[in-house]
Amino acid sequence: MAHGEVLEFEEYVRNRQEALLRSARRLVPDPIDAQDLLQTALVRTYGRWDGIADKSLADAYLRRVMINTRTEWWRARKLEEVPTEQLPDASVEDGSEQRADRALLMDVLKVLAPKQRSVVVLRHWEQMSTEETAAALGMSAGTVKSTLHRALARLRQELESRDLDARALERAEVRRERAGDDRGQERCAA
């Protein structure tokens, strides 16, 4: 790569790093993994930088590299997680509703297949059009629409399921408290 192109790539990274890191953060839930994903994508893109004729498409190219890399990582992962009946409670760092909603959304996105998650992220977080999403992912606009439809239905189903589980737990807790109060009143009466 020529010296001028190296400088051009460095300037591009300096100017777009924050936006690209946000994109990576939406693709993987862990912030450290998001940084690793971006760095890996930048290294891969650096080697191909001179092949990107229209530099205005560099963001789309890098997003595609991040999606492909994340998919490779997902396929290569070791399945050490054990499914359980009950999901652990999501922790809230600062107590704000917005952070809690974001944590829930990031957790719920994990139920989607990588292709579905990519479509949801590009369409709703990156606010790309159907055509832009199709181009970035290398699929037809119809496939983007149907994948998005199925992904959103799956997200709704997961959120409803979690809501029902939470309500059932609350009812059980109320019953336990009432049973404890009834026993206490019986002892006082005796």
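Looking only at the stretch 1-53, filter to residues that are under 17 Å from Asn68 (Cα atoms) and hydroxyl-bearing (Ser, Thr, Tyr); which one of those is surrounded by the most Cβ atoms within 10 Å (Cβ to Cβ)?
Step by step, filter the stretch 1-53, then rank; the result is Ser23.
Show the residue pairs that are 6+ apart or on different chains and have beta-carbon atoms under 7 Å apart, the first residue being within the stretch 114-137 and of a type in the set (A, V, I, L, M, F, W, C), the second being open to solvent by less than 30 Å² (accessible area, probe 1.4 Å) and not in a helix (DSSP H, G or I).
Val120/Leu112; Leu122/Met128; Ala136/Met128
Would you be able to say whether some residue in the stretch 32-42 is farther than 20 Å from Thr133 by Cβ and among the acidic types (Asp, Glu)?
yes
Just checking, does the stretch 88-100 include any residue being of a type in the set (D, E, K, R), at pLDDT below 85, surrounded by 12 or more Cβ atoms within 10 Å (Cβ to Cβ) and assigned to a helix (DSSP H, G or I)?
Yes, there is a match, as at least one residue in the stretch 88-100 is of a type in the set (D, E, K, R), at pLDDT below 85, surrounded by 12 or more Cβ atoms within 10 Å (Cβ to Cβ) and assigned to a helix (DSSP H, G or I).
May I ask you to list the residues in the stretch 122-133 that are surrounded by fewer than 20 Cβ atoms within 10 Å (Cβ to Cβ) and in a helix (DSSP H, G or I)?
His124, Trp125, Thr130, Glu131, Glu132
Between Asp50, Asp54, which is outside the structural domain of Pro114 (by the TED database), in contact with a helix residue (DSSP H, G or I) (Cβ under 6 Å, 6 or more places away or on another chain), acidic (Asp, Glu) and over 26 Å from Leu109 (Cβ atoms)?
Of the residues listed, the single one that is outside the structural domain of Pro114 (by the TED database), in contact with a helix residue (DSSP H, G or I) (Cβ under 6 Å, 6 or more places away or on another chain), acidic (Asp, Glu) and over 26 Å from Leu109 (Cβ atoms) is Asp50.
Step by step: first the residues of the stretch 59-79, then only those that are among the aliphatic types (A, V, I, L, M) and farther than 16 Å from Arg25 by Cα, then the one that is modelled with the highest pLDDT. Which residue is that?
Ala76
For the stretch 147-164: of the residues being of a type in the set (D, E, K, R) and touching a residue at least 12 places away in the same chain (Cβ under 8 Å), which is most open to solvent (accessible area, probe 1.4 Å)?
The qualifying residue most open to solvent (accessible area, probe 1.4 Å) is Arg150.
The values are calculated or read from the model by the stated rules, or taken from the named source; none is laboratory data. Only a predicted model underlies this, so the values are computations on that prediction, with no experimental measurement involved. Every residue, glycine as well, gets a Cβ built from its backbone with ideal geometry; the counts of neighbours run over all protein chains shown. What goes into the accessible areas is simple: the full protein's heavy atoms, side chains included, and nothing from ligands, DNA or RNA. Shrake-Rupley method; radii C 1.70, N 1.55, O 1.52, S 1.80 Å.
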